[in-house]
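The values are calculated or read from the model by the stated rules, or taken from the named source; none is laboratory data. Only a predicted model underlies this, so the values are computations on that prediction, with no experimental measurement involved. Because the Cβ atoms are built from the backbone with ideal geometry, glycine has one as well, and the counts that use them run over all protein chains shown. SASA here: full protein model, heavy atoms, side chains in, ligands and nucleic acids out. Shrake-Rupley method; radii C 1.70, N 1.55, O 1.52, S 1.80 Å.
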Amino acid sequence: MAKCPKCQYFSFDSGDRCRNCGYDFSLSLDLPADDLEIQRGTEPLGPLGDFSLQDTPNLPLFKPADPDAPLVTPAATPRAPLSVRRGAPAAVKPARPRPRPEADYEPRLALDTAEIPIVAPASRAAAPAVEASHDRPSAAGTGARLGAAAIDLVLLAGIDLMVLYFTLKICDLTFADVLLLPAAPLLSFLLLLDGGYLSTFVAAGGQTIGKMATGIRVVPADPAAPASERVTFGHAIVRAASYFVALAPAGIGFLPVFFGRERRGLHDRLADTRVIRA
């Protein structure tokens, strides 16, 4: 085995030059060959195997412990016990005594005084009825109801004519050919349209467009009901259908509108309604 003196390369070949750097061995001085020690198993392992931690003065943790030394070394200044360091409890403030009522005070009932007047039950029961009679609005006049009916009839007639006109236009007919249309379906549709107008407006606010113009309104006939109460949708439908019942005997069912204190026609009595001033 040869070692290059220039690059320190070990080679097992016997040559004149280094296989690593090409250095010529003849130019170097003859040096004794390095003698490598043979390991016997007792040598320290690793690059720092011969380094001893116990002989190093800068590493006190690796020094051998004194067997006679105590396990816990107290500090230079011992701390005060916990009972001494605990603060003193705060002083509890005494509760204030509640003021007692005066000894001569006695609660008195309202019945013991003579300031409250005694009212008879009969007079108290009669008072709301008198007030209700004064607060009850008066019935609508005949002129206002006739004006409202005329306005509603004009509106319904215009709506029916528009429906009839567009129906004839769709069928490519004229007004002279109106009899060619099927009467039953057309009349049924117009009746439903007119009845829906009368019942829906009355149920919504108690007023059709004609009644809005003349300042009257339909309300329930119950005297105990407030004037602002609305008519139910069922009563409004019955009232709209009762127009045909009142018209059937030559319009006799509308005669009570011109006479009587409440001016309730047959349609008002059947639907349990009345017409008042709005």
field: Amide hydrogen neighbours beyond the local backbone of A140, cut-off 5 Å, H modeled
entry: V275, I276, R277
query: So between V178 and R40, what do we pick up on full extension, going 0.36 nm a residue minus the alpha carbon distance?
result: 36.2 nm
- prompt: Using +1 on the beta carbon of Lys and Arg, -1 on that of Asp and Glu, and nothing else charged, what's the dipole of segment 145-249 about the Cα centre, debye to 20?
  reply: 300
query: Ignoring ligands, DNA and RNA, what percent of the accessible area of segment 166-275 is carbon or sulfur (1.4 Å)?
result: 70
- request: Using R₀ = 41 Å, calculate the FRET efficiency as 1/(1 + (r/R₀)^6) where r is the Cβ-Cβ separation of I159 and A225; round to 0.05.
  value: 0.80
